[in-house]
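This report refers to the structure that appears directly beneath it.
The values are calculated or read from the model by the stated rules, or taken from the named source; none is laboratory data. The shown structure was predicted, so the numbers you read here are calculated from the model rather than taken from an experiment. FYI the Cβ positions are ideal-geometry reconstructions off the backbone, even for glycines, and counts take in every protein chain you see.
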Amino acid sequence: MQYEFEESKFNALKESNATRLEIFNDLLNVHLGIELRSTSQKTAPVTYTPAFFLGRHELKLEMLERLKDAMQTSDTLKMSQLEIHFCRSSTVPQPASSSFLPIMVHQCPDNFSTVEYFENLTSKELGRLVIYADVLSSSMDVLNGHQLQHGLAVIVRQQTKGRGRSKNIWLSPIGSALFSLQIHVPTDTILGRRISILQHLVSVAIVSAFKSLPGYEDIDLRLKWPNDIYAGNNIKIGGVIVETHVMSHLNICNVGVGLNLFNKKPTHCINDIVNVFNEMYHKQLKMISYEQYFAIVFNEIEKWLDTIQSDNIDSFLYRYYTYWLHSNTHVKVLSASGTSENVTILGIDDYGYLRVRGEDRTILTVHPDGNTFDSLKGLIAPKWSYSNRITSPSNVF
């Protein structure tokens, strides 16, 4: 808080709390269309739901057999934030909660079409096994804590504790498309040696999954560094988070993605963009279904993984720069001490860090974990510390 230690100003702000909250409520409700509860309304209790283990029966049993030694008791895994129990046909599941998730191995959900999903899925490994739930704490909680399975996906309709980058809370309104994906990358491979570029790979895959559909090539989706999906230049509709743990010679990467697919509020969504495009250009493009979205994105992530691992990173970078918002953009970089420097954005380096050129022609790198990028203000500001200056510029894109 800016005035927390200035008593007179802080007291003045406290006295106007009611007015300030009223203005804030008006901005959210009237201008952003977000419905707000009054303080007298009670919050409805969250009802957590069981999950379902989807995929070929043989693949499911192979994964459970491989995890047997890691299980505390029969078919139970203790993850970092969650205990998960794989329930066989004879098992009576305990109720789901924020800390416990029963996963039905031999049943299918009523509101997720496995037929449509697998008909659209062409990948060899990614998304071939899915844990689906209507409501859980966070899809990332299902993956964090063990080496499970390369390509295992967690799909959830609604999260109660969704996570964004830098420990931000990720809102999960109904209609958004939320998934986490565990990807295993050997450390001695091309991608394994620059694993921080994975978040950019996933961002590219999401946009290219849509734009690769016949007729959808001109849908205006963009990328904002380091991990945001944008509609046009100004409206954020999605984001990517990657948490990596190194085990022996393997990067265990848990990827989390949230995207506005059907939800019109609080900002904009993919299918609204398609509707507007149809009206403007007299087209009849179909809405992207829930199941189709996940399938085509998993297909595309696997394609770009194979592309980079085949030593074709230039093809990936070309596509990345086709989508991103920042080429030759002039911004200010604010240091931790408060000084600023005018710079020109050049591109990303081999690790996905932002490369900018200062007024003295020196190249700087800006790390995503330590900085925020406000493209509307043209300002890159530190969250914790300013990135190190480098003296030998590499190729400029």
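Do you know which residues across the stretch 118-143 are in a helix (DSSP H, G or I) and buried (at least 23 other Cβ atoms within 10 Å of the Cβ)?
Narrowing the stretch 118-143 to residues in a helix (DSSP H, G or I): 118-120, 139-143.
Of everything in the stretch 118-143, those that are in a helix (DSSP H, G or I) and buried (at least 23 other Cβ atoms within 10 Å of the Cβ) turn out to be S139, M140, D141, V142, L143.
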Quick check on this structure: which one of Q147, Q199 is under 20 Å from C253 (Cα atoms), surrounded by 21 or more Cβ atoms within 10 Å (Cβ to Cβ) and assigned by the TED database to the domain that holds P109? Q199
Answer residue from the stretch 49-90, given it is without any contact (Cβ under 8 Å) to a residue 40 or more places away in the chain and in contact with a strand residue (DSSP E or B) (Cβ under 8 Å, 6 or more places away or on another chain) and is surrounded by the most Cβ atoms within 10 Å (Cβ to Cβ) among those: F86
Among I345, I313, which is the only one that is under 18 Å from G192 (Cβ atoms) and among the aliphatic types (A, V, I, L, M)? I313
Residue check, I84 among the β-branched types (V, I, T), in contact with a Ser or Thr (Cβ under 8 Å, 6 or more places away or on another chain) and under 17 Å from L129 (Cβ atoms): yes
What about S98, is it under 11 Å from Y48 (Cα atoms) and either out of contact with any Phe, Trp or Tyr (no Cβ under 7 Å at 6 or more places or on another chain) or touching a residue at least 12 places away in the same chain (Cβ under 8 Å) (or both)? yes
Within the stretch 274-285, is there a residue that is crowded, with 16+ Cβ neighbours inside 10 Å, in contact (Cβ under 8 Å) with a residue 60 or more places away in the chain and either assigned to a loop (DSSP other than H, G, I, E, B) or more than 16 Å from the chain's Cα centre (by Cα) (or both)? yes
